[in-house]
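Below: one structure, written as structure tokens.
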Amino acid sequence: MTRSELLTIVRSARDLISDPAKWNSRTYAEDAQGHWVPVGSDRAVSFDLRGALVRAAGISSRAGLGAIFQVFADTSPKLFTQMNGLLPLRREQALELLDGAIDSLSRASITVGEAVMGGASTAHASSADFATQGRDSTAHTETTSSGHGRKS
């Protein structure tokens, strides 16, 4: 996914929750009565940050969310930590995260798989990438010619 595609998703999510009536801090998406509904439902009228991102991304959400979350972690580590914790974000905090990501994505070149941000290169891989390459996330032990194991 290109930087431009990620930027479009983040801007669309920001546009969505910039209206206070379309914000909730409880679930990905709620209907007009405040009940949970799927993000893609026609009845969905309010969203939390993740829900707004998924709604904005549509079918591309799986590919782009990891890269967007990495941008959040890089640009606003404290708010990103809160987003992943027990204390829900307030709308103003979600907008701050999105604004930081918009600023960063507007300045940097980034693609999912290999991110280049501010000159530093960072590789991103999902668990599916490891599975398809025959790897797992645990340490790999290799036997040397002397018969001793070596962690790699």
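Laboratory data are not the source of any read-out in this text; all were calculated from the coordinates shown. Values in this document were obtained by computation on a predicted structure and should not be read as measured data. Here the Cβ is made from the backbone with ideal geometry for all residues, glycine too, and neighbour counts use every protein chain on show.
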Query raised in the report: Going through segment 12-23 one residue at a time, which ones are under 22 Å from GLN82 (Cβ atoms) and in a helix (DSSP H, G or I)?
Result: ALA13, ARG14, LEU16, ILE17, PRO20, LYS22
Query raised in the report: When you go through GLY100, GLY34, GLY66 one by one, which is the residue that is of a type outside the set (S, T, N, Q) and at positive phi?
Result: GLY34
Requested in this report: Run PRO77 past the list (1) surrounded by 13 or more Cβ atoms within 10 Å (Cβ to Cβ); (2) within 16 Å of the chain's Cα centre (by Cα) and report the number of the one that doesn't hold.
Outcome: (1)
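Residue by residue, here is whether (1) in contact with a Leu (Cβ under 7 Å, 6 or more places away or on another chain); (2) buried (at least 16 other Cβ atoms within 10 Å of the Cβ); (3) of a type in the set (A, V, I, L, M) holds:
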residue: ARG3; (1), (2), (3): yes, yes, no
residue: ILE9; (1), (2), (3): yes, yes, yes
residue: TRP23; (1), (2), (3): no, yes, no
residue: THR27; (1), (2), (3): no, yes, no
residue: GLU30; (1), (2), (3): no, yes, no
residue: VAL37; (1), (2), (3): no, yes, yes
residue: ASP42; (1), (2), (3): no, no, no
residue: GLY51; (1), (2), (3): no, yes, no
residue: GLY58; (1), (2), (3): no, no, no
